[in-house]
Amino acid sequence: MEAREVGPLSFVDVAPLALDRFERVLTPEQEQELLRMVARGRVLLEGRVVWSVNSTAHGGGVAEMLQSLIAYARGGGVDARWAVIGGEPDFFRVTKRIHNRLHGYAGDGGPLGEHERAIYDESMAVNAERLASHVQAGDIVLLHDPQTAGLVDAMKTAGAHVVWRAHVGLDSPNDQARDAWRFLLPYVSGADGYVFSRRGFAWEGLDQSRLTIIPPSIDPFSPKNQDLDPDTVRSILHVIGLQRRNGGAPVVTCHDGSSRVVERHAELVEEEPLPEGAPIVTQVSRWDRLKDPIGVMEGFVAHVVPVTDAHLVLAGPETRAVADDPEGAEVLRLCVDRWHGLAPEVRRRVHLAMLPMADGDENAAMVNALQRSAAVVVQKSIAEGFGLTVSEAMWKARPVVASRVGGIQDQIVDGQSGRLVEPTDLESFGAAVAELLLDHEVADHMGKAAMERVRMDFLGARHLGQWVDLFDRVIAATEAVS
């Protein structure tokens with residue numbers, strides 16, 4: 001096989017963030033538990049580096065979580081670092097194929113045979129050699145998702161404690177998912193620990209004694225989730241190009257505490273900007289078949305447009321900016337084609353927004369404004385590992401209508417903190433959205449309940465504590481054997 005040029009291993013600089021900011025959002029009991037966790041983590045991890053390794057520094061929930069969790073770990077006195085593996089187009093085509101099959105879908109329909117394994121192994125060998133030169137014996141290496149699974153053995157050889165973390169999965173595995181498991185299991189099985197977002201995602205054939213369930217979390221102070229007043233929301237939508245009227249200065253606070261003016265426009269597909277005061281239904285996600293943006297459009301057109309005056313905003317990243325998702329441009333093209341096929345009077349109520357990714361904080365602020373401007377946020381995924389956009393919208397006290405799949409079910413209590421629908425039932429989806437648009441009292445009550453649910457279960461303080469517990473067990477088990 002012809003040698004491929006594998007991109008360089010890179011490192012993401014993350015400034016520490018003080019954990020005491022959580023005092024503003026946690027209960028007193030949660031605050032005390034956070035203090036105990038910080039003290040224990042400092043002792044446990046003294047003299048060790050905790051490495052997080054994934055395939056992209058921006059674009060997607062994993063990168064966003066790492067940005068915050070690593071910053072808080074550093075603020076708590078832990079030497080936490082972030083490495084991003086390199087790859088080339090064939091490698092990412094193979095890992096996207098694996099990703100789709102872990103969700104139970106064939107994706108591009110291509111094989112996962114010896115040729116694909118050779119492509120995967122070639123990139124892994126290059127990245128393993130580069131990363132091993134930085135990792136020391138006793139360090140902890142936390143590998144994220146299929147793209148990094150092939151690093152397990154090399155990091156073990158380097159003397160590190162190795163944990164592999166899957167952010168995707170399927171509650172009822174089918175042949176497609178098992179095909180992906182068979183491909184990955186030889187790489188993953190040697191890890192000291194395996195982490196899944198929910199119990200149903202755990203694979204057959206893994207050592208159950210090394211299995212831990214840790215749901216993802218959000219950072220309430222990040223540019224994506226921090227409080228924004230209505231004028232700032234309006235001004236950001238104006239900069240994006242979705243709204244005519246400017247609300248003032250579109251300024252947000254970045255991860256490092258500095259202020260940033262949102263300046264870049266989005267690429268838009270629309271007839272005209274959003275009308276002043278129109279209720280908005282919003283989905284923010286990658287341009288991915290599993291996020292079903294065309295299904296959202298179809299459900300909105302058929303079942304929401306006839307009974308409300310709402311507008312739909314489908315927003316996602318500029319596809320050229322997300323290197324590890326080669327299918328995004330094709331899904332976006334299909335969405336644009338479907339938009340052009342809508343009747344003119346309906347087309348004016350549907351808006352597609354491709355958000356710039358050149359600056360992560362700016363992009364996050366745009367997502368924040370889009371969710372806060374929405375009367376209803378939707379996430380009509382066909383399959384979902386967790387769906388961080390759900391917790392993000394819930395934290396903003398937005399009523400959410402989402403599919404009854406994967407980790408979305410762990411976030412929303414149906415009828416209390418949101419509405420769950422079957423992923424392919426467009427009529428039920430549209431009816432749930434229309435109900436919340438028309439009944440403001442129910443929508444407001446549901447939004448407030450959603451925010452409290454996130455406070456109790458899905459903030460980063462809880463997540464960090466579970467990592468400390470896991471690292472404690474892994475270190476104790478592996479060092480006892482040695």
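The values are calculated or read from the model by the stated rules, or taken from the named source; none is laboratory data. The shown structure was predicted, so the numbers you read here are calculated from the model rather than taken from an experiment. Counting neighbours? That spans all protein chains shown, and the Cβs are built from the backbone with ideal geometry, glycine included. These area figures cover heavy atoms from the full protein model, side chains too; ligands, DNA and RNA do not enter into them. Shrake-Rupley method; radii C 1.70, N 1.55, O 1.52, S 1.80 Å.
Going residue by residue through region 35-58, is there one that turns out to be in a loop (DSSP other than H, G, I, E, B), β-branched (Val, Ile, Thr) and either in contact with a strand residue (DSSP E or B) (Cβ under 6 Å, 6 or more places away or on another chain) or modelled with pLDDT of 95 or more (or both)?
no
Look at region 251-272 and say how many of its residues are touching a strand residue (DSSP E or B) at 6+ places or on another chain (Cβ under 6 Å) and in contact (Cβ under 8 Å) with a residue 40 or more places away in the chain.
Here the count works out to 8.
Kindly check whether there is at least one residue in region 292-309 that is at positive phi and under 21 Å from the mean Cα position of the chain (by Cα). Break it down stepwise before answering.
Step one: list which residues in region 292-309 are at positive phi, which gives 292.
Next cut, under 21 Å from the mean Cα position of the chain (by Cα) only: 292.
Yes: region 292-309 contains one or more residues that are at positive phi and under 21 Å from the mean Cα position of the chain (by Cα).
Which of (1) among the aliphatic types (A, V, I, L, M); (2) surrounded by fewer than 21 Cβ atoms within 10 Å (Cβ to Cβ); (3) in contact with a helix residue (DSSP H, G or I) (Cβ under 8 Å, 6 or more places away or on another chain); (4) in a helix (DSSP H, G or I) does Ile382 not meet, given it meets every other one?
It is condition (4) that Ile382 fails.
Scan region 30-84 residue by residue and report those that are on the phi > 0 side of the Ramachandran plot and in contact (Cβ under 8 Å) with a residue 40 or more places away in the chain.
Once the filter is applied, which keeps residues that are on the phi > 0 side of the Ramachandran plot and in contact (Cβ under 8 Å) with a residue 40 or more places away in the chain, region 30-84 yields Gly47, Gly59, Gly60.
Going through region 207-220 one residue at a time, which ones are within 22 Å of Ser52 (Cα to Cα), open to solvent by 20 Å² or more (accessible area, probe 1.4 Å) and in a loop (DSSP other than H, G, I, E, B)?
Passing the criteria: only Pro215.
Could you list all residues from region 245-264 that are in contact with a helix residue (DSSP H, G or I) (Cβ under 6 Å, 6 or more places away or on another chain) and of a type in the set (A, V, I, L, M, F, W, C)?
Val252, Cys254, Val262
When the residues of region 104-116 are filtered to those that are at negative phi and surrounded by 16 or more Cβ atoms within 10 Å (Cβ to Cβ), which remaining residue is nearest to the chain's Cα centre (by Cα)? Full working, then the answer.
So in region 104-116, the residues at negative phi come out as 105-106, 108, 110-116.
This time we only want the ones that are surrounded by 16 or more Cβ atoms within 10 Å (Cβ to Cβ), so: 105, 112, 116.
Working: Tyr105: 19, Leu112: 25, Glu116: 26 Å.
Among them, the one singled out is Tyr105.
Quick check: anything in region 426-434 in contact with a helix residue (DSSP H, G or I) (Cβ under 6 Å, 6 or more places away or on another chain) and under 30 Å from Glu46 (Cβ atoms)?
Within region 426-434, not a single residue is in contact with a helix residue (DSSP H, G or I) (Cβ under 6 Å, 6 or more places away or on another chain) and under 30 Å from Glu46 (Cβ atoms).
Output the residues belonging to region 3-32 that are charged (D, E, K, R), surrounded by 12 or more Cβ atoms within 10 Å (Cβ to Cβ) and farther than 16 Å from Tyr72 by Cα.
Arg4
Which of the residues that make up region 69-102 are open to solvent by less than 10 Å² (accessible area, probe 1.4 Å) and within 20 Å of Asn368 (Cβ to Cβ)?
Answer for region 69-102, where residues must be open to solvent by less than 10 Å² (accessible area, probe 1.4 Å) and within 20 Å of Asn368 (Cβ to Cβ): Ala71, Tyr72.
Check Ala358 against each of (1) in a loop (DSSP other than H, G, I, E, B); (2) farther than 29 Å from Glu263 by Cα; (3) open to solvent by 30 Å² or more (accessible area, probe 1.4 Å) and name the one condition it does not meet.
(2)
Provide a single number: the residues in region 392-415 that are part of a helix (DSSP H, G or I) and open to solvent by 20 Å² or more (accessible area, probe 1.4 Å).
Residues that pass the stated criteria total 2.
For residues in region 160-206 being among the basic types (Lys, Arg) and either touching a strand residue (DSSP E or B) at 6+ places or on another chain (Cβ under 7 Å) or assigned to a strand (DSSP E or B) (or both), which is modelled with the highest pLDDT?
Arg165
Checking Pro306 against (1) in contact (Cβ under 8 Å) with a residue 12 or more places away in the chain; (2) over 15 Å from Asn363 (Cβ atoms), which single condition isn't satisfied?
(1)
Of the residues Ala374, Ala329, Ala364, Ala369, which is surrounded by 22 or more Cβ atoms within 10 Å (Cβ to Cβ), aliphatic (A, V, I, L, M) and farther than 26 Å from Ala432 by Cβ?
Ala364
Which count do you get for residues in region 123-152 that are surrounded by 18 or more Cβ atoms within 10 Å (Cβ to Cβ) and either of a type outside the set (S, T, N, Q) or touching a strand residue (DSSP E or B) at 6+ places or on another chain (Cβ under 6 Å) (or both)?
Here the count works out to 18.
So that you can scan it fast, the table gives a plain yes or no per residue for (1) of a type outside the set (Asp, Glu); (2) out of contact with any Cys (no Cβ under 7 Å at 6 or more places or on another chain); (3) surrounded by fewer than 14 Cβ atoms within 10 Å (Cβ to Cβ):
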| site | (1), (2), (3) |
| --- | --- |
| Arg244 | yes, yes, yes |
| Val251 | yes, yes, no |
| Cys254 | yes, yes, no |
| Arg260 | yes, no, no |
| Ala266 | yes, yes, no |
| Leu274 | yes, yes, no |
| Pro279 | yes, yes, no |
| Val284 | yes, yes, no |
| Val296 | yes, yes, no |
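Inspect all residues belonging to region 132-146 and state whether any of them is in a helix (DSSP H, G or I) and more than 30 Å from Asp361 (Cα to Cα). Spell out the reasoning first.
Filtering region 132-146 down to residues in a helix (DSSP H, G or I) leaves 132, 146.
Now restrict to residues that are more than 30 Å from Asp361 (Cα to Cα): 132.
Yes, region 132-146 contains at least one residue that is in a helix (DSSP H, G or I) and more than 30 Å from Asp361 (Cα to Cα).
Considering region 266-291 alone, what residues qualify as being more than 22 Å from the chain's Cα centre (by Cα) and at pLDDT below 95?
Glu276, Gly277
Scan region 52-68 and tell me whether some residue there is among the β-branched types (Val, Ile, Thr) and open to solvent by 10 Å² or more (accessible area, probe 1.4 Å).
Yes, because at least one residue in region 52-68 is among the β-branched types (Val, Ile, Thr) and open to solvent by 10 Å² or more (accessible area, probe 1.4 Å).
Mind checking whether some residue in region 270-279 is under 23 Å from Met354 (Cβ atoms) and among the hydrophobic types (A, V, I, L, M, F, W, C)?
The answer is yes; a qualifying residue exists.
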